[in-house]
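The values are calculated or read from the model by the stated rules, or taken from the named source; none is laboratory data. Bear in mind the structure is a predicted one, so any value in this text is a computation, not a measurement. Virtual Cβ from ideal backbone geometry, glycine too; neighbours counted across all protein chains shown. Side chains included, ligands, DNA and RNA excluded: accessible areas come from the protein's heavy atoms. Shrake-Rupley method; radii C 1.70, N 1.55, O 1.52, S 1.80 Å.
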Amino acid sequence: MIRSLITLLICCTVLPAQTITSPAGKLSLTVSMTADSTPQYTLSLGATPVAAPGRLGIMVKDIPSFLSGFVVAKAETSLVDESWDPVLGEVKTIRNHYRQLKLTLRQPAVKDRIMILTFRLFDEGVGFRYEFPQQDNLNYFTVTGERTEFAMTGDHRIFWMPGDFDTNEYKYAETALSGVDAAAYKDRGEIFTAGISGNSMVQTPIQMRSKDGLYINIFEAALNNYPAMCLDVDTKSFLLRSVLAPDAVGNRAYLQAPAVTPWRTIIVSRKAEEVLASKMILNLNEPLKLTDVSWITPVKYVGVWWEMHVDVASWNYADVRNVRIGETDWNALKPNGRHGATTARTKVYIDFAAKHGFDGVLVEGWNVGWEDWFGNWKEQVFDFITPYPDFDVKELQRYAKEKGVKLIMHHETSSSVTNYERQLDTAYRFMKAYGYDAVKSGYVGKIIPRGEVHDGQWMVNHYLRAVTKAAEYKIMVNSHESVRPTGIQRTYPNWIAAEAARGNEFNAWSSGNPPAHETILPFTRLMGGPMDYTPGIFQIKRSFYDPKRTEQVHTTLVKQLALYVTMYSPLQMAADLPENYEAKPDAFQFIKDVAADWDDTRILEAEPGDYITIARKAKNKESWFLGAITDENPRKTTVPLSFLDAKKKYVATIYADAPDAHYQTNPMAYVISRHLVTGKTALKLSLAASGGAAVSIIPATPQEEKQLKLYK
Ligand code: NOJ
Ligand code: CA
């Protein structure tokens, strides 16, 4: 239901400052004009300023910019209060409740050209965007930059990563705003690409904490037909300015009126938990655009995958270089004996998935071209229809069907995106012919067309083209190395997850992800949507496979379990090898039981960089799952289960770090215990250094009520 109240404040030549308050009165927003008639806004939480005056505007080429000289033609406010149900999600129903201020701005000096600024003020934040309606004086135009300012009021703590237009796979830094300096990354040799333009530039989303206790998150929503936004930090004045990813010739976007930009968002609360609970980014996206969504389902999967990352197997079939699609005779090549994606090995995973109730099996390295895929920047690396000689697509289709398991396709594009687009229909048709209905796509390396970047307008449009075309084929997409999600899965829920951050795989072959990493991601990358983080690694140490290797996962085993709850995604991988799970069936039980789609979510405790505790209720079930994680500091916490149905008794299975567990010295030590619990129970949890706790809470059978003891 939409309750909408419209007030019209008719045209004036000078804008008297317009102030609106959020529905429950928590936030207020004022929009005014500077002396040269540039629009600016301020935001406050109660009496506390969140954003001091920040100017708004868009720079364009060849015609005058949308920066100053505006008069207000119209100011309209309205109140919206509606609810909608996501296809897959953290909660069953989402309330979309905001007050809107829509300012129609006219530029008399540019033949009365019109730009609209729309602000939506929620109780937890604001979203605003630029709109260019169809008009005689504006048709096709080139955006050369955006001047959106976020004027922070102090030297806040900030979680950030370098403003790289080509990758999000960085560790986070935690500094003051005055300390933002990507030179530290350069010194450590940790800058991946040339796509970073300045040491003070950071990627969005950023999470900040002010000295007076405000948690402020800046991001964007509904990124479509526009480049992704970074922020340039003025380390003296704490003014943050938008920087858009450029295209090959340095322009930022090509728009044709009518057009809108993505929403610029500020979420703010005195409670960190409320930042994580916010659905504002989703609410700012367009409603569902697909009619039939019956084929979009949560997916728990395993895959021929981690064994390549720990180098027990290889993606490539032969140890040669300079192979050519369409010319190389793959049958004539000598197999290297380590190829992972063989028919036999895939069957092991299919059997394992069937036995333990997983929906899907991902297989990477099944198609020809991996001999030569990395670092070559050549156009024709892969087709997406030719299997290696030892991967029998037909037989595996038969076998998977017999076992009731779905195979998951892998399309590594190696960022040769024109090549991929040319073949997309063929690739999707091949998938459907062989029974695949989900694809993991990948964009490793530099983009072709040359000069484009992963986060530019051209690529943003590519990801969406791939997703909307996939929808025509009823295919779900999990994109890796793509631009960070901005809530578009509300509109196209077949974009089931993305990587777009530093995933668990970094723990396999690099300095890895520091213990705080997973406590930051929900405040940053996951604000825009689900991540295919690939948790569930049980064999923490790489030396297990090769005594010379020192890499390790920087968590305890139990923290890996807790990630299934703290890291929201309707697509969840059990990423380790079947053999490693079979060695620990009792701990594996949690991964088998945990849901991937939810009716309800409670963010119980959260502090970015330190800890997170979340409980979620499984979709259409009475079961709850709880995950608690901590950074490098051990942590004790008491968690009241007051969210449980007061009339019911439940069996809580607690997967806890052993008393002597530690992510470095003793990461795989755990203790499992079972108890009766009720809504009055408070669990006392003890988390090791970079440890966690995972709890399944399932309604008790009469027999269990008799047999088990009440938790004390
Ligand atoms: C990077 C992806 O994130 C990873 O999951 C995949 O295995 C490799 N690319 C190869 O495509
Ligand atoms: Ca990756």
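A quick yes/no check of all residues on (1) touching a Pro at 6+ places or on another chain (Cβ under 7 Å); (2) assigned to a strand (DSSP E or B); (3) crowded, with 18+ Cβ neighbours inside 10 Å; (4) not assigned by TED's automatic domain parsing to the domain that holds ASP62:
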position: VAL87; (1), (2), (3), (4): yes, no, yes, no
position: GLU90; (1), (2), (3), (4): no, no, yes, no
position: ARG99; (1), (2), (3), (4): yes, yes, yes, no
position: LEU105; (1), (2), (3), (4): yes, yes, yes, no
position: PHE150; (1), (2), (3), (4): no, yes, yes, no
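Can you name the residue in the range 401-417 that is over 18 Å from LYS440 (Cα atoms) and of a type outside the set (Lys, Arg) and is also most open to solvent (accessible area, probe 1.4 Å) among such residues? Ranking the qualifying residues of the range 401-417, first place goes to GLU402. Applying the criterion of being assigned to a helix (DSSP H, G or I) and surrounded by 22 or more Cβ atoms within 10 Å (Cβ to Cβ) to the residues of the range 500-521, the residue that is nearest to ligand 1 (Cβ to nearest atom) is ALA508. Residues of the range 474-498 that are in contact (Cβ under 8 Å) with a residue 60 or more places away in the chain and within 10 Å of ligand 2 (Cβ to nearest atom): GLU481 alone.
Selection within the range 66-85: residues that are charged (D, E, K, R), open to solvent by 30 Å² or more (accessible area, probe 1.4 Å) and touching a residue at least 24 places away in the same chain (Cβ under 8 Å). The member of this set that is nearest to PRO23 (Cα to Cα) is GLU82.
Tallying residues that are of a type in the set (S, T, N, Q) and closer than 29 Å to GLU395 by Cβ within the range 421-480 yields 5. Checked against the criterion of being within 21 Å of the chain's Cα centre (by Cα), more than 16 Å from ligand 1 (Cβ to nearest atom), assigned by TED's automatic domain parsing to the domain that holds TYR349 and farther than 18 Å from TYR533 by Cα, the candidates ARG422, ARG490, ARG429, ARG450 yield just one match: ARG490. Give the residue that is surrounded by the fewest Cβ atoms within 10 Å (Cβ to Cβ), with candidates limited to residues of the range 107-119 that are touching a Pro at 6+ places or on another chain (Cβ under 9 Å) and in a strand (DSSP E or B). Looking at residues that are touching a Pro at 6+ places or on another chain (Cβ under 9 Å) and in a strand (DSSP E or B), I get ILE116. Could you tell me how many of the residues in the range 564-579 are crowded, with 24+ Cβ neighbours inside 10 Å and acidic (Asp, Glu)? Total meeting the criteria: 1. Total residues in the range 531-563 satisfying the condition of being of a type outside the set (Asp, Glu) and open to solvent by 10 Å² or more (accessible area, probe 1.4 Å): the figure is 12. All conditions but one from (1) within 16 Å of ligand 2 (Cβ to nearest atom); (2) on the phi > 0 side of the Ramachandran plot; (3) touching a strand residue (DSSP E or B) at 6+ places or on another chain (Cβ under 6 Å); (4) outside the structural domain of ALA689 (by TED's automatic domain parsing) apply to GLY512; the one that does not is (3).
Looking at the range 261-268, is at least one residue surrounded by fewer than 18 Cβ atoms within 10 Å (Cβ to Cβ) and either of a type in the set (Gly, Ala, Ser) or part of a loop (DSSP other than H, G, I, E, B) (or both)? Checked against the condition, which is being surrounded by fewer than 18 Cβ atoms within 10 Å (Cβ to Cβ) and either of a type in the set (Gly, Ala, Ser) or part of a loop (DSSP other than H, G, I, E, B) (or both), the range 261-268 yields no hits at all. Only a single item in (1) in a loop (DSSP other than H, G, I, E, B); (2) within 16 Å of ligand 1 (Cβ to nearest atom) is not met by VAL302, and it is number (1). Looking across PHE523, PHE538, one residue alone is away from ligand 2 (no atom under 16 Å from the Cβ), within 22 Å of CYS230 (Cβ to Cβ) and in contact (Cβ under 8 Å) with a residue 40 or more places away in the chain. It is PHE523.
The lone criterion from (1) away from ligand 2 (no atom under 16 Å from the Cβ); (2) surrounded by 22 or more Cβ atoms within 10 Å (Cβ to Cβ) left unmet by ARG398 is number (2).
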